[in-house]
1. Is it the case that residue A:356 is assigned by TED's automatic domain parsing to the domain that holds residue A:259, modelled with pLDDT under 95 and touching a strand residue (DSSP E or B) at 6+ places or on another chain (Cβ under 8 Å)?
2. Among the residues of region A:373-392, what is the count of those that are in a loop (DSSP other than H, G, I, E, B) and surrounded by fewer than 18 Cβ atoms within 10 Å (Cβ to Cβ)?
3. Can you pull out every residue in region A:102-133 that is modelled with pLDDT of 80 or more and assigned to a loop (DSSP other than H, G, I, E, B)?
4. In region B:225-333, which helices (runs of 4 or more DSSP H) lie fully inside it and hold 3 or more residues that are within 14 Å of chain A (Cβ to nearest Cβ) and out of contact with any helix residue (DSSP H, G or I) (no Cβ under 7 Å at 6 or more places or on another chain)?
5. Kindly indicate which of A:180, A:165, A:156 is outside the structural domain of residue A:306 (by TED's automatic domain parsing) and in contact with a helix residue (DSSP H, G or I) (Cβ under 9 Å, 6 or more places away or on another chain).
6. Conditions first: (1) assigned to a loop (DSSP other than H, G, I, E, B); (2) over 24 Å from residue A:263 (Cβ atoms). Residue A:137 passes all but one, so which condition is the exception?
7. Output the number of the condition that residue A:307 fails; it satisfies all remaining conditions of (1) crowded, with 22+ Cβ neighbours inside 10 Å; (2) in a loop (DSSP other than H, G, I, E, B); (3) touching a strand residue (DSSP E or B) at 6+ places or on another chain (Cβ under 6 Å).
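The values are calculated or read from the model by the stated rules, or taken from the named source; none is laboratory data. These numbers were taken from a predicted model, which means no experiment stands behind them. All Cβ positions, even for glycine, are placed from backbone atoms using ideal geometry, and neighbour counts span all protein chains on display.
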């Protein structure tokens with residue numbers, strides 16, 4: 001019995017010696033013995049490390065050294081940074097790799113030029129919907145109804161409009177070569193257009209005589225938009241009006257001041273948005289007195305998932321103060337302000353620094369899942385109408401645009417057929 | 001006890017203590033190498049992979065730290081959960097591999113995965129794999145990028161070739177089995193939500209080309225375009241679809257399956273189900289690869305001259321358990337090994353002691369024999385110790401590391417691919433043993 005006890009205690013001493021040796025480098029550095037290292041001794045594989053930073057590094061090196069295929073070091077690092085920023089669940093807070101950051105920079109600095117035309121969907125390419133008379137496309141002979149079927153010698157037939165436009169846009173002063181189908185010409189005509197800085201008219205109106213409805217489409221909220229709004233409104237009000245449809249579909253927003261300016265036509269001294277920051281006091285924007293306009297007819301606002309930012313603030317305020325009904329599908333949900341922080345390696349971090357709050361509507365910021373897909377957010381329409389999937393829809397055309405039709409019916413319901421009394 | 005004897009004993013004691021201390025220090029070095037110490041190996045890797053000279057090289061760890069700090073300082077809401085940032089970054093890195101076998105899983109997904117490895121299934125009681133057409137790992141490595149002019153809908157499915165969600169095993173008697181779901185079925189839709197895959201897009205691309213060549217009428221192209229649009233609106237990504245079928249113990253799902261020769265609609269009520277564990281019935285053995293299997297296998301083959309091992313519905317086995325089973329079953333020797341697409345030498349699969357008088361072994365395999373079960377079948381048959389009966393195996397011989405993160409989430413990482421014969425021939429991933 002005595003010898004068994006001795007063997008046991010001796011083994012215990014040996015085990016302690018082993019652990020002492022095992023942990024020697026920790027003891028030398030004045031640290032507690034590493035449990036991860038002891039875990040590894042017993043075959044437990046664990047990605048854990050003392051700090052989140054080490055946890056990240058550990059995974060980074062593991063993928064770099066152990067993955068079955070070679071992995072580009074910089075790509076992996078950037079993918080990690082994208083994931084880091086995406087983990088907040090805010091689609092506007094994002095990491096931009098050097099290339100993307102550069103493109104973003106170009107775009108915001110607005111040294112991008114165009115040809116001065118608005119394009120629409122067409123199976124043969126892109127249909128010219130509007131040509132601005134001051135623009136280079138007009139000067140080169142392009143007219144509304146023409147179809148751009150090739151750009152720089154490459155066919156664009158069958159392609160989505162969103163992918164054609166970037167091909168046509170480019171640096172101001174450069175030339176783009178288009179192949180254009182024009183009525184009455186047997187073959188598509190090659191036309192070269194010099195890109196220029198385009199100051200696009202942002203407000204466009206049409207009087208729909210049949211329903212006595214004014215249709216006003218606002219493409220964006222830029223500097224001259226409020227003035228153009230007044231000017232175009234005057235034109236519409238020259239006709240008898242049973243209602244006004246303001247089309248904000250595809251309107252990506254723009255300047256908050258412009259939206260405030262235009263809302264001041266509707267109500268005075270009212271809150272438009274409150275901006276909440278993290279570390280400094282709230283800021284708010286209110287309408288100002290003196291430019292009130294008498295809208296003595298009902299108003300409907302058309303919107304879709306591409307209506308964002310200032311467009312949502314404009315629509316949301318009209319809705320919150322009971323001045324308009326929203327028609328269409330939910331808007332984008334851009335209820336925040338971002339700042340872009342350049343980083344040392346020419347990447348940048350775009351970070352949401354403030355949130356917008358409307359007077360009544362609760363916070364409408366877009367939420368996305370980790371795959372980037374829409375989860376919730378945006379303004380909800382009062383009347384939900386999906387755009388017809390038929391490919392011949394022309395925005396603003398009461399014959400084919402079913403969302404516009406719904407808005408017209410809302411403002412001016414067709415008179416019910418009542419049996420005539422004699 | 002004499003004086004000399006006493007001193008010899010104590011000297012031995014002291015010497016062995018010193019030896020053990022040194023042994024401990026060496027074991028620690030080994031352990032640390034295995035852990036890949038972030039800071040030390042970091043610098044050496046930096047030097048090894050020193051990339052293009054023109055970029056500013058900020059080490060990943062510093063980058064992570066700086067960016068976390070920036071977010072904490074600037075983001076509109078307080079960011080206090082550093083752990084979440086780290087896990088997000090890891091998710092980003094694992095996803096960037098675009099490898100259906102290397103997957104990041106959140107806490108609930110990871111737990112369901114670990115449970116299934118122990119045979120405890122939930123959901124509809126089936127295991128799934130993401131199958132990328134007929135493309136192997138090499139075609140992927142060649143990096144076929146989607147065309148840069150892809151539309152939004154196309155981008156959704158062409159960022160890479162979106163895999164299809166395919167049944168690779170079915171728990172006998174489980175909900176899927178009762179609904180007659182079969183191995184090889186792929187998921188077309190769940191509760192009316194189309195599961196995204198690239199097939200439709202490819203069809204559209206083809207129609208587009210043929211339209212430009214004036215062979216397809218516009219109306220046909222538009223029908224396809226609208227089909228994609230309406231489907232994409234409420235589509236499910238394959239991984240999300242997998243969650244719906246793999247997780248949860250209650251509720252019903254209506255699943256439309258693409259089945260050999262047509263579509264089938266099933267309504268399945270989710271419930272817990274269990275894959276049968278080790279079973280020995282006479283000379284017939286059911287062999288899941290879990291830590292207990294080798295011991296049970298040893299008992300089951302004792303004094304038997306011939307055994308039949310059923311390796312069907314065996315997809316989630318554990319590599320070290322499989323190796324122990326090989327030790328029990330076949331003589332010592334080298335049985336192929338693990339290779340990578342990196343410039344390193346393969347790691348042989350070695351049976352150290354082995355069974356010097358193996359029984360005659362028959363292995364029953366089919367498409368549901370995958371992962372380590374497939375490696376086992378190929379290893380055992382490569383030297384003629386086992387004959388394969390049944391049909392072709394599933395074609396998945398990826399060796400995956402399973403890493404658990406402190407918050408309960410985790411990921412798998414393919415570290416190598418098993419090959420029954422190590423030689424100069426090219427590595428082919430798909431297509432199993434026959």
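1. Yes.
2. Residues in region A:373-392 being in a loop (DSSP other than H, G, I, E, B) and surrounded by fewer than 18 Cβ atoms within 10 Å (Cβ to Cβ): 10 in total.
3. If the condition is that a residue be modelled with pLDDT of 80 or more and assigned to a loop (DSSP other than H, G, I, E, B), then A:115, A:116, A:124, A:132 are the ones that fit.
4. Fully inside region B:225-333 and qualifying: B:238-246.
5. Residue meeting the stated conditions: A:156.
6. Only one criterion is unmet by residue A:137, namely (1).
7. (3)
Okay, residues lined up against (1) at pLDDT below 95; (2) facing chain B (nearest Cβ under 7 Å); (3) closer than 15 Å to residue B:90 by Cα:
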{"position": "A:28", "(1), (2), (3)": "yes, no, no"}
{"position": "A:32", "(1), (2), (3)": "yes, no, no"}
{"position": "A:35", "(1), (2), (3)": "yes, no, no"}
{"position": "A:53", "(1), (2), (3)": "yes, yes, yes"}
{"position": "A:63", "(1), (2), (3)": "no, yes, yes"}
{"position": "A:69", "(1), (2), (3)": "yes, yes, no"}
{"position": "A:97", "(1), (2), (3)": "yes, no, no"}
